[in-house]
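Reviewing the structure listed below.
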Amino acid sequence: MKKITQILSIALIAVGFASSAKAQDDKTLLGAGATFPYPLYSKMFSEYNAKTGIQVNYQSIGSGGGILQLTNKTVDFGASDGPMNADQTTKIGAPVLHIPIVSGAVVLTYNLPGDNNGIVLTPDVIADIFLGKITSWSDPRIVSKNKGVNIPALPILVAHRSDGSGTTAIFTSYLSKVSPDWNAKVGQGGAVNWPAGLGGKGNEGVSGLVKQTPGAIGYVELIYALQNKMDYAKVVNKKGKIILPSIASVTAAGNVKLPEDSKIFLTDTDAPDGYPIAGLTWQIIYKEQNYNGRSLDRAKKLLALLWWNIHEGQQYAAPLNYAPLSKEALKVAEKIVKSATYDGKPILK
Amino acid sequence: MEIDITANKKSYNKKIGMEVFFKKTLIIIALIMVVLVLGIMLTLIIESIPSMKSLGLKYLWGKTWDPVNNVYGAYPFLLGTLLTSFISLIISIPFSFAIAVYLGEYNSKGWLSNVLKNLVELIAAVPSVIYGFWGLLVLVPLVRAFEIKFNILPYGIGIFTSSIVLAIMIIPYAASMGRELIKMVPSNLKEGAYSLGATRYEVIKNVILPYTKTGLFAGVLLSLGRALGETMAVTMVIGNTTLIPTSIFAPGNTMASVIANEFTEADHTLYLSALIELGLFLFCVTVVINMIGKFLISRYTNK
């Protein structure tokens with residue numbers, strides 16, 4: 001019996017150590033969330049560490065998980081590909097700030113035998129393909145926009161994400177905006193009830209399905225398509241222009257008047273040169289930084305990091321195929337970072 | 001003289017103390033296991049309450065899974081889980097029994113037997129994600145070619161493909177158990193049959209299989225348990241659609257892969273709760289199937 005108590009007390013001591021180690025090492029900031037910007041964040045944070053000596057420990061566990069960790073106050077900032085929804089806002093119970101960091105795009109990738117990179121798709125065609133209404137590549141609505149392009153008359157196989165994701169949230173937000181039919185039948189979200197097609201896990205699952213099946217079409221992140229040299233479609237935007245997805249056209253999509261809290265899907269942008277299936281990715285913090293016994297020093301360090309992310313940090317975006325913030329977006333982001341407070345007083349001047 | 005007695009008594013007491021300590025440790029560890037299982041069950045139930053309240057029993061046979069409108073029905077996934085598990089079981093049984101009989105009876109010693117035995121056990125040791133890759137890159141094109149030949153919609157992935165992948169993964173469970181049991185059939189029974197003029201096939205059919213059938217069935221049950229819960233490999237080749245499968249070549253989804261796919265990004269309470277209820281449901285299905293199996297085993301053993 002004695003031994004058992006001994007073992008138990010050792011275990012208790014160990015647990016005690018673990019929990020006190022969690023508390024505040026003032027050279028390390030903690031973040032968790034979206035997987036999509038992870039390659040960029042790890043580059044940014046390692047540069048930041050080299051410059052300031054402050055370590056940022058970021059876990060890419062998914063947007064939902066990041067928001068949950070922020071709600072549980074186990075991280076300094078969360079990261080998400082979509083603004084927090086009503087349910088999450090109620091749960092967190094305190095005002096939060098969404099700081100836009102970069103934007104990304106979702107592209108339509110397809111597998112059609114022959115040389116036909118960059119076919120043109122209109123919004124209604126995209127929606128009807130994913131609704132299962134257009135089932136063949138020889139559909140006149142596709143052919144009429146692509147005269148002179150060799151499009152084989154194959155049946156269309158739709159590939160979508162099977163896992164919940166920010167990519168899906170951006171894509172379905174776009175479809176809901178351009179197609180009333182989609183909005184009524186399916187709606188927008190990180191995971192939806194797909195009316196047609198097959199699901200693949202992650203970008204690699206979708207691209208695997210597309211690569212294997214002639215006639216398949218799916219959606220993946222622009223970065224993923226660029227890195228894997230996949231064919232992707234040009235899309236007609238709101239102003240009627242045919243836009244090739246690129247870093248420039250994605251940045252341009254964000255060059256519109258943003259709401260003050262930046263909580264918006266950039267899809268179906270009004271910008272004439274903007275690619276319409278694009279979205280921001282955010283880092284999220286509590287507006288009032290004095291919670292859970294946090295020191296003013298820690299709050300200052302966090303805000304300094306965020307300020308750096310939207311300024312100096314932006315230079316690392318383009319080389320990694322992320323679209324840096326547009327001028328309009330940067331103005332809004334600066335205002336948001338400055339509105340963070342400690343004991344009701346602004347932290348950054 | 002007296003000193004000796006106390007010394008004896010001391011060592012005797014020490015021995016008894018050790019016995020008591022050992023017994024108590026065993027009880028405590030056993031209790032921890034029970035508490036753990038009950039705890040998991042309880043957590044699942046508590047966390048599924050929001051979904052139970054909102055959807056009630058309709059959850060079990062609802063055919064729509066729509067996180068946007070908060071409508072959740074587990075029926076397509078239940079169907080997918082049961083279909084893949086049982087089809088894979090049917091595919092795997094001939095192989096695992098053949099391996100068991102060959103390694104247990106025909107070739108139970110020697111290097112070839114050892115190599116085969118280790119290879120079969122290796123099948124169980126390969127991480128499931130590797131089976132998923134293999135399925136996606138090798139099996140799917142084959143199945144697609146087959147489907148084109150027989151004029152079935154050539155998805156390549158679907159219930160059938162995942163059943164084949166699962167079948168391969170579960171072969172070693174029934175095979176290893178069967179081999180051990182067949183080895184343990186008393187040789188006087190077999191020799192008796194041989195002396196009456198039975199051929200080897202007749203010995204297997206009339207002596208070995210009847211003698212080991214309970215154990216073989218238990219092995220099959222073990223395989224089934226593995227098939228019901230397998231997640232990763234299935235997710236990669238089943239097609240992940242919430243539509244109800246119309247044939248065994250159609251794409252579908254299983255309960256385990258829905259949970260794995262959607263858990264990380266389940267962003268509202270009811271959604272998360274519906275996924276946890278799916279876990280509870282899977283837990284119950286596994287328990288029920290196991291209980292039916294145990295019942296069948298006990299029935300046939302008593303006869």
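Taking only segment A:257-280 into account, find how many residues are touching a strand residue (DSSP E or B) at 6+ places or on another chain (Cβ under 6 Å) and in a strand (DSSP E or B).
Result for segment A:257-280: 2.
Is one or more of the residues making up segment B:62-74 hydrophobic (A, V, I, L, M, F, W, C), in a helix (DSSP H, G or I) and in contact (Cβ under 8 Å) with a residue 12 or more places away in the chain?
There is no residue in segment B:62-74 that is hydrophobic (A, V, I, L, M, F, W, C), in a helix (DSSP H, G or I) and in contact (Cβ under 8 Å) with a residue 12 or more places away in the chain.
Report whether or not residue A:158 is more than 7 Å from chain B (Cβ to nearest Cβ), touching a His at 6+ places or on another chain (Cβ under 8 Å) and either closer than 29 Å to residue A:113 by Cβ or without any contact (Cβ under 8 Å) to a residue 24 or more places away in the chain (or both).
Spelling it out, it is not the case that residue A:158 is more than 7 Å from chain B (Cβ to nearest Cβ), touching a His at 6+ places or on another chain (Cβ under 8 Å) and either closer than 29 Å to residue A:113 by Cβ or without any contact (Cβ under 8 Å) to a residue 24 or more places away in the chain (or both).
I'm trying to understand the selection: among the residues of segment B:146-157, which are of a type in the set (Phe, Trp, Tyr) and either in contact with a strand residue (DSSP E or B) (Cβ under 7 Å, 6 or more places away or on another chain) or facing chain A (nearest Cβ under 9 Å) (or both)?
Kept after step one, since they are of a type in the set (Phe, Trp, Tyr), are these residues of segment B:146-157: B:146, B:150, B:155.
Of everything in segment B:146-157, just one residue is of a type in the set (Phe, Trp, Tyr) and either in contact with a strand residue (DSSP E or B) (Cβ under 7 Å, 6 or more places away or on another chain) or facing chain A (nearest Cβ under 9 Å) (or both), namely B:155.
Among B:143, B:120, B:138, B:101, which is within 13 Å of another protein chain (Cβ to nearest Cβ), part of a helix (DSSP H, G or I) and in contact with a helix residue (DSSP H, G or I) (Cβ under 7 Å, 6 or more places away or on another chain)? Walk me through it before giving the result.
Values: B:120 fails: within 13 Å of another protein chain (Cβ to nearest Cβ); B:138 fails: in contact with a helix residue (DSSP H, G or I) (Cβ under 7 Å, 6 or more places away or on another chain); B:101 fails: within 13 Å of another protein chain (Cβ to nearest Cβ).
Result of the check over B:143, B:120, B:138, B:101: B:143.
Of the residues A:139, A:163, A:128, only one is acidic (Asp, Glu) and under 23 Å from residue A:104 (Cα atoms); which? Spell out how you get there, then give the answer.
Values: A:139 fails: under 23 Å from residue A:104 (Cα atoms); A:128 fails: under 23 Å from residue A:104 (Cα atoms).
Sole residue among the options that is acidic (Asp, Glu) and under 23 Å from residue A:104 (Cα atoms): A:163.
For segment A:148-192, name all the residues that are assigned to a helix (DSSP H, G or I) and of a type in the set (Lys, Arg). Before the answer, list the steps.
Let us first name the residues in segment A:148-192 that are assigned to a helix (DSSP H, G or I), namely A:166-178, A:180-185.
Selection gives A:177, A:185.
I'd like the full set of residues that are touching a residue at least 60 places away in the same chain (Cβ under 8 Å), among the β-branched types (Val, Ile, Thr) and within 14 Å of residue B:172 (Cα to Cα), limited to segment B:101-133.
B:101
Hey, any hits in segment B:134-142 for a residue that's of a type in the set (A, V, I, L, M), over 30 Å from residue A:207 (Cα atoms), buried (at least 17 other Cβ atoms within 10 Å of the Cβ) and under 26 Å from the mean Cα position of the chain (by Cα)? Break it down stepwise before answering.
Looking only at segment B:134-142, we keep the residues that are of a type in the set (A, V, I, L, M), and these are B:136-140, B:142.
Keeping just the survivors that are over 30 Å from residue A:207 (Cα atoms) gives none.
No, there is no match, as no residue in segment B:134-142 is of a type in the set (A, V, I, L, M), over 30 Å from residue A:207 (Cα atoms), buried (at least 17 other Cβ atoms within 10 Å of the Cβ) and under 26 Å from the mean Cα position of the chain (by Cα).
With B:278, B:296, B:282, B:221 as the choices, which residue is touching a residue at least 24 places away in the same chain (Cβ under 8 Å) and within 14 Å of chain A (Cβ to nearest Cβ)? Show your work before the answer.
On the way: B:296 fails: within 14 Å of chain A (Cβ to nearest Cβ); B:282 fails: within 14 Å of chain A (Cβ to nearest Cβ); B:221 fails: within 14 Å of chain A (Cβ to nearest Cβ).
Every option except B:278 fails the conditions.
Under 9 Å by Cβ, and 6 or more places apart or on different chains, what pairs join a residue from segment A:219-231 that is assigned to a strand (DSSP E or B) with one that is buried (at least 21 other Cβ atoms within 10 Å of the Cβ) and among the aromatic types (Phe, Trp, Tyr)?
A:219/A:130; A:219/A:171; A:220/A:232; A:221/A:36
Among A:169, A:153, A:191, which is under 28 Å from residue B:157 (Cα atoms) and more than 21 Å from the chain's Cα centre (by Cα)?
On inspection, the qualifying residue turns out to be A:153.
Looking at (1) at positive phi; (2) loosely packed, with under 15 Cβ neighbours inside 10 Å; (3) not β-branched (Val, Ile, Thr), find the lone condition where residue A:260 falls short.
In the conditions (1) at positive phi; (2) loosely packed, with under 15 Cβ neighbours inside 10 Å; (3) not β-branched (Val, Ile, Thr), residue A:260 misses (1) alone.
Cβ-Cβ distance below 7 Å, separation of 6 or more or different chains: which pairs start in segment A:67-89 with a residue that is surrounded by fewer than 24 Cβ atoms within 10 Å (Cβ to Cβ) and assigned to a helix (DSSP H, G or I) and end on one that is modelled with pLDDT under 90 and among the β-branched types (Val, Ile, Thr)?
Pairs that qualify, where the first residue is surrounded by fewer than 24 Cβ atoms within 10 Å (Cβ to Cβ) and assigned to a helix (DSSP H, G or I) and the partner is modelled with pLDDT under 90 and among the β-branched types (Val, Ile, Thr), are A:87/B:269.
For segment B:232-274, give me the residue count where each residue is buried (at least 24 other Cβ atoms within 10 Å of the Cβ), part of a helix (DSSP H, G or I) and of a type outside the set (Asp, Glu).
Qualifying residue count for the region: 12.
Name the single residue, out of those in segment B:247-275 being of a type in the set (Val, Ile, Thr) and within 13 Å of chain A (Cβ to nearest Cβ), that is farthest from residue B:236 (Cα to Cα).
My answer is B:269.
Of B:80, B:39, which residue is closer than 30 Å to residue A:185 by Cα and not aliphatic (A, V, I, L, M)?
Of the residues listed, the single one that is closer than 30 Å to residue A:185 by Cα and not aliphatic (A, V, I, L, M) is B:80.
The values are calculated or read from the model by the stated rules, or taken from the named source; none is laboratory data. Everything numeric here is computed off the predicted structure, so don't read it as measured data. Note that we place each Cβ from the backbone using ideal geometry, even for glycine, and neighbour counts take in every protein chain shown.
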